[in-house]
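The values are calculated or read from the model by the stated rules, or taken from the named source; none is laboratory data. Here the structure is a predicted model, which means the values were calculated and not measured. No Cβ is skipped: glycine too gets one built from the backbone with ideal geometry, and neighbour counts run over all protein chains shown.
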Amino acid sequence: MLPINKKISKYNFYKGNDIKYIIIHDVGSKSTAKNNVDYFAGGNRNASAHYFVDDTSIWQSVEDHNGAWSVGDGGNKYGINNTNSIGIEMCLPSGTVTAKTEQNTLELVKYLMAKYNVPADRVVRHYDASRKNCPAQFNLDGKWTRWYAFKAKLEGKTVTPPTVEVKPTAPAVKPAPQAKYKEESFSVRQVTDVALNVRKQPNTSSAVIKTLPKGKQFTPTKIVRNGESVEGFTTWCNTEAGWVSMAYTTPVKTVAKPAPKPVQKLKGENLPNRGYYKVTANTNIRSGAGTNHRIVGTYAKGQGFNYDRKVIAGGYVWLSYISYSGQRRYVAVV
Ligand SMILES: [Zn+2]
């Protein structure tokens, strides 16, 4: 097999990839593998693929452990999506996918099948994920003859390609594990880390009900701790009438509500607006309602005075009266 060159793009990928399928495409326009990785590394293209292959080279643009934007057009309708697959684009610098490019692709596919334990029946076309006519180069006769020949080579069989198109079968389904799932109640709000499949049962073999977008928040009501292990996590929680693997969810941090501020009563606030007041501590007499005002005298604890006005200022209740000198005076209730 040709060596894998890497030019990983920082655009257009999903974090995380649960590799179940290998998807074959062709780029459809005249360009080399290198032309393609350069293009996809150059900016947001609203599309991507893991590998580009031509006659002389293999270039990688998206890491295997991340999802590419290659079959989003299928909306997971057939269970094949951007975060459960590796996408390979065959390139056609001469305008057609050559036998050499096909052979290089075949070798790369076999390498990835072995590496990720993907069986031949999960090596599929873009067509199988969305019904797009891709790789169109393998369907030039409208019967996918070249595709079936490619699959036969992959399986090491020499079979005559069917002359009528076989309706793509539903993706092979492993028999569901017989585990009895033990449900417990659970209600910690979660957010999805990736586009995440909701499945009928807490295992990756059961049917996908829908796919939650990345960043979707939900509050489960149940959890099972003995679901299928996904990246070492066997916990699944329920949502949307199905189950999601908690390997790809994170608890939502709940922001603690600040305790309501107690309404602080100022000392003396309940005193009548005029009357007689006896100080409970040695207290300054001031020229104004505030501790910044001049001290003109002091009442000793137990002394009292008549006041005719109550003022609230600067965090104190001030009792005020006209002194013998004719000046208005202020005494804080402390
Ligand atoms: Zn395609």
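How many residues are assigned to a loop (DSSP other than H, G, I, E, B) and not polar (S, T, N, Q) if we restrict to segment 205-246?
Number satisfying all stated conditions: 13.
When you scan segment 70-83, do you find a residue that is more than 24 Å from L140 (Cα to Cα) and away from the ligand (no atom under 16 Å from the Cβ), even just one?
Yes, there is a match, as at least one residue in segment 70-83 is more than 24 Å from L140 (Cα to Cα) and away from the ligand (no atom under 16 Å from the Cβ).
Of the residues A149, A136, which is surrounded by fewer than 21 Cβ atoms within 10 Å (Cβ to Cβ), in the same structural domain as H25 (by TED's automatic domain parsing), of a type outside the set (V, I, T) and within 11 Å of the ligand (Cβ to nearest atom)?
A136
Regarding segment 56-65, can at least one residue be identified that is within 16 Å of the ligand (Cβ to nearest atom) and buried (at least 17 other Cβ atoms within 10 Å of the Cβ)?
Residues of segment 56-65 within 16 Å of the ligand (Cβ to nearest atom): 61-62.
Applying the additional criterion that residues be buried (at least 17 other Cβ atoms within 10 Å of the Cβ) yields 61-62.
Yes.
Taking segment 214-229 as the region of interest, how many residues are under 22 Å from G75 (Cα atoms) and touching a Ser or Thr at 6+ places or on another chain (Cβ under 7 Å)?
4
For segment 56-162, please list each of the strands (runs of 3 or more DSSP E) lying entirely inside it that holds at least 3 residues being of a type in the set (A, V, I, L, M).
85-90
Looking at segment 84-94, can you tell me whether even one residue there is over 24 Å from T32 (Cα atoms) and modelled with pLDDT of 95 or more?
yes
Collect the residues in segment 1-28 that are out of contact with any Pro (no Cβ under 6 Å at 6 or more places or on another chain), closer than 19 Å to Q103 by Cβ and within 16 Å of the ligand (Cβ to nearest atom), keeping them in residue-number order.
Of everything in segment 1-28, those that are out of contact with any Pro (no Cβ under 6 Å at 6 or more places or on another chain), closer than 19 Å to Q103 by Cβ and within 16 Å of the ligand (Cβ to nearest atom) turn out to be I22, I23, V27.
Is it true that V97 is in contact (Cβ under 8 Å) with a residue 40 or more places away in the chain, among the aliphatic types (A, V, I, L, M) and within 30 Å of V198 (Cβ to Cβ)?
No; evaluated as a whole, the condition is false for this residue.
Over 27 Å from the mean Cα position of the chain (by Cα) and either within 14 Å of the ligand (Cβ to nearest atom) or in a loop (DSSP other than H, G, I, E, B) (or both): is that true of S31 in this structure?
yes
Go through segment 34-55 and count every residue that is assigned to a loop (DSSP other than H, G, I, E, B), within 15 Å of the ligand (Cβ to nearest atom) and not hydrophobic (A, V, I, L, M, F, W, C).
The number of residues fulfilling the criteria is 4.
Restricting attention to segment 190-240, which residues are touching a helix residue (DSSP H, G or I) at 6+ places or on another chain (Cβ under 8 Å), surrounded by 15 or more Cβ atoms within 10 Å (Cβ to Cβ) and free of Cβ contacts under 8 Å to residues at least 24 places away in the same chain?
F233, T235
Can you spot a residue in segment 260-281 that is closer than 30 Å to S187 by Cα, assigned to a loop (DSSP other than H, G, I, E, B) and not assigned by TED's automatic domain parsing to the domain that holds Y116? Please lay out each step first, then the result.
From segment 260-281, those closer than 30 Å to S187 by Cα are 260-261; that's our starting set.
Next cut, assigned to a loop (DSSP other than H, G, I, E, B) only: 260-261.
In the following step, the residues that additionally are not assigned by TED's automatic domain parsing to the domain that holds Y116 were identified as 260-261.
Yes, segment 260-281 contains at least one residue that is closer than 30 Å to S187 by Cα, assigned to a loop (DSSP other than H, G, I, E, B) and not assigned by TED's automatic domain parsing to the domain that holds Y116.
In this structure, is K143 in contact (Cβ under 8 Å) with a residue 12 or more places away in the chain and either more than 16 Å from the ligand (Cβ to nearest atom) or under 26 Å from K34 (Cβ atoms) (or both)?
Judged against the criteria, K143 is a match.
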